[in-house]
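Colleague: Let me give you the structure first, and then I'll get to my questions.
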Amino acid sequence: MRKFFWFRKLMALFEMMGVDPRVGAAALAFVVMVLIAAVFWFVDTAPPKSITMLTGPEGSVFQRNAEKYRKVLEREGIKLVMVPSQGSLENLVHLADPSFKVDVGFVQGGLIQGGLAEGLDTGKLVSLGSVFYEPLMVFYRSREEINRLSQLEGRRLGIGQVGSGTHALATALLKANGIEQGGKTELLDDNPENAADALIAGKLDAVFLMGDSASVKIMGRLLRTPGIRLVNFQQADAYTRRINYLNKLGFFQGSIDLGKNIPERDIELVGPTVELVARGNLHPALSDLLLEAAHEVNGNAGLLQRQGEFPAPLQHEFRISDDADRYYKSGKSFLYRNMPFWLATFVSRIVVVIVPIIVLLIPALRMLPVVYRWRMRSRITKWYGILLELEKDLLHIQEPGKRTELIHRLDHVERAVHRIKVPRFFGDQYYVLLQHVDYVRGRLQDMER
């Protein structure tokens, strides 16, 4: 019996407070259930300890950026798992596939508008914003200067591997110039390194390269190879008018190497922006952390962008997520600005999960004794109304059969009062009621005499 000692003590305490032990036990069970649910909710809302990101081939601009993100995230205790791919299109395919375990990836703009995402369900994907420009660089070997893609007709062109953003954009721009697979122009799908070697060896006339699949090393090598030149998109403005996801980009003289003056003149390029595309269920804390990393990695001035230009909430083919939109408008919350990431997430979860429960639970528990006492009093006081009616009817006791009726009614009241179950806290009111029943019976007996 000792194991029930504290339970009996608790039940006695409830009764002293004016609460039926059964009601108190039910309230206690409810509180325990709510707290258990809160604990599970608290654990469930914890941000994951890792983020899986789709990048690109080894050495690509996508992969190099992801590596920089990894270092930033590691400072906050978050592991970045980098998954290599062929480039933007493959990243989008994997992001749209619910069975593929991934959280976020780099995707260049224009894939959906270019009709390359047919059959993909991208409705549940969101954008955290654009993080950098991705210029299309067309290297060629020719005696004549080439500044229009239509001049490449009838030549051997390397347009990148299928699944890369390079292949997707090159195909779209060549098609806009009347150059398609199966015509007199030979379009070859090969990886950037092989294509660059073929161009240098004279086996290709031009190659299309972009940072989602080509490394900075390959592009730097071609820029420094004698006889290899870069197409100057003189129709850049026209391209940006016709294809709204393209941007006109300036590649200025000497920006690669001032001493050797590479490039030797200003060149106009075109290219989309690259977005951080995520699954819609990405944890808000991780969304903020990724944008912080983007600010640190992509926010500085570069060859093609101004200081602070990225990340930016440029909405193209994916809606900006609610968490990202909040971040762009108000930045990090007070907790994340002033606490380490792990502590800020812990405190924010307490604020979101535990505090509302406490705020609602405490008033409810405080109201329980009040409601219960009111209910018990109402069970007792309702018989006073019947006793008052009995006393009024004593004035008509001389009527035939009235005395017998009043006695039966009073007996009924007394039996009902004896059946009332009340806790000790209401014992005084219960016995006062019994005294008043006896008082009315005494009046009835006095009037019999």
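Colleague: With a 1.4 Å probe and all protein chains kept in place, how much accessible area does MET33 have, in Å² rounded to the nearest 10?
Modeller: MET33 has an accessible surface of roughly 130 Å² with all protein chains in place.
Colleague: Taking R0 as 56 Å, what's the FRET efficiency between VAL359 and ASN261 from their Cβ-Cβ distance, rounded to 0.05?
Modeller: 0.25
Colleague: Measuring from centroid to centroid over Cα atoms, what is the spacing of the stretch 308-326 and the stretch 170-192 in Å?
Modeller: Taking the Cα centre of the stretch 170-192 as reference, the centre of the stretch 308-326 is 32 Å away.
Colleague: When all protein chains stay in place, what accessible area (Å², nearest 10, 1.4 Å probe) is found for ILE200?
Modeller: In the full protein context, ILE200 sits at about 50 Å².
Colleague: Give me the orientation-averaged projected area of the Cα convex hull of the stretch 127-206, in nm², one decimal.
Modeller: Dividing the Cα hull surface by four gives the mean projection, 6.2 nm².
Colleague: Here's another thing I want to ask about it. Take the stretch 81-151, drop everything but the C-alpha atoms, weight them equally and run the Debye formula without solvent; then report log10 I(q)/I(0) at 0.17, 0.23, 0.29 Å⁻¹ to two decimals.
Modeller: Scattering profile of the stretch 81-151, log10 relative to I(0): -0.74, -1.11, -1.56.
Colleague: Here is a further query. What order do GLU264, GLU275, GLU317, GLU405 take when sorted by accessible area (1.4 Å probe), most exposed first?
Modeller: Largest to smallest exposure gives the sequence GLU264, GLU405, GLU317, GLU275.
Colleague: Also: By how many nm would the segment from VAL370 to GLU118 grow when fully extended, if each residue of separation counts as 0.36 nm and the alpha-carbon distance is taken off?
Modeller: Length gained between VAL370 and GLU118: 84.3 nm.
Colleague: What three numbers, in Å, describe the spread of the alpha carbons of the stretch 137-267 along their principal axes, ordered from the longest?
Modeller: 43, 35, 29 Å, listed from the longest principal axis down.
Colleague: Tally Lys/Arg at +1 and Asp/Glu at -1 over every other residue whose Cβ is under 14 Å from the Cβ of ARG265; what's the total?
Modeller: Summing Lys and Arg as +1 and Asp and Glu as -1 gives -3.
Colleague: Could you give P(r) for the stretch 110-151, binned at 10 Å from zero, as whole percent values over all Cα-Cα pairs?
Modeller: Values per bin, smallest distances first: 18, 31, 26, 19, 6.
Colleague: For ARG229, ARG279, what's the largest-to-smallest order of accessible area, 1.4 Å probe?
Modeller: Final ranking, largest accessible area leading: ARG229, ARG279.
Colleague: Just to make sure I understand: if all protein chains stay in place, what is the order of SER150, SER127 by accessible area at 1.4 Å, largest first?
Modeller: Descending order: SER150, SER127.
Colleague: Would you mind checking LYS101/LYS203; LYS392/LYS421; LYS68/LYS101; LYS175/LYS248; LYS79/LYS329 for any pair whose Cα atoms are more than 30 angstrom apart?
Modeller: Beyond 30 Å: LYS101/LYS203.
Colleague: Roughly how far apart, in whole Å, are the Cα centres of the stretch 108-168 and the stretch 289-305?
Modeller: For the stretch 108-168 versus the stretch 289-305, the Cα centre distance is 23 Å.
Colleague: Another one. Report the accessible area of HIS418, computed with a 1.4 Å probe over the heavy atoms of all protein chains in place, in Å² rounded to the nearest 10.
Modeller: 110 Å²
Colleague: Largest first and to the nearest Å, give the Cα extent of the stretch 223-304 along each principal axis.
Modeller: 50, 34, 19
Colleague: Also: Pulled fully out, how much extra length does the chain show between ASP190 and THR381, if you take 0.36 nm times their separation in residues and subtract their Cα-Cα distance?
Modeller: That works out to 59.5 nm of additional length.
Colleague: Rounded to the nearest 0.05, what FRET efficiency is calculated for LYS421 and MET33 with R0 set to 35 Å and r the Cβ-Cβ distance?
Modeller: E between LYS421 and MET33, to the nearest 0.05, is 0.85.
Colleague: Quote the charge dipole size of the stretch 118-247 about the Cα centre in Debye, to the nearest 20; the model charges only the Cβ of Lys and Arg (+1) and of Asp and Glu (-1).
Modeller: Roughly 380 debye for the stretch 118-247.
The values are calculated or read from the model by the stated rules, or taken from the named source; none is laboratory data. From a predicted model like this one, the values you see are computed outputs, not experimental measurements. Note that we place each Cβ from the backbone using ideal geometry, even for glycine, and neighbour counts take in every protein chain shown. With ligands, DNA and RNA removed, areas are computed over all heavy atoms of the protein, side chains included. Shrake-Rupley method; radii C 1.70, N 1.55, O 1.52, S 1.80 Å.
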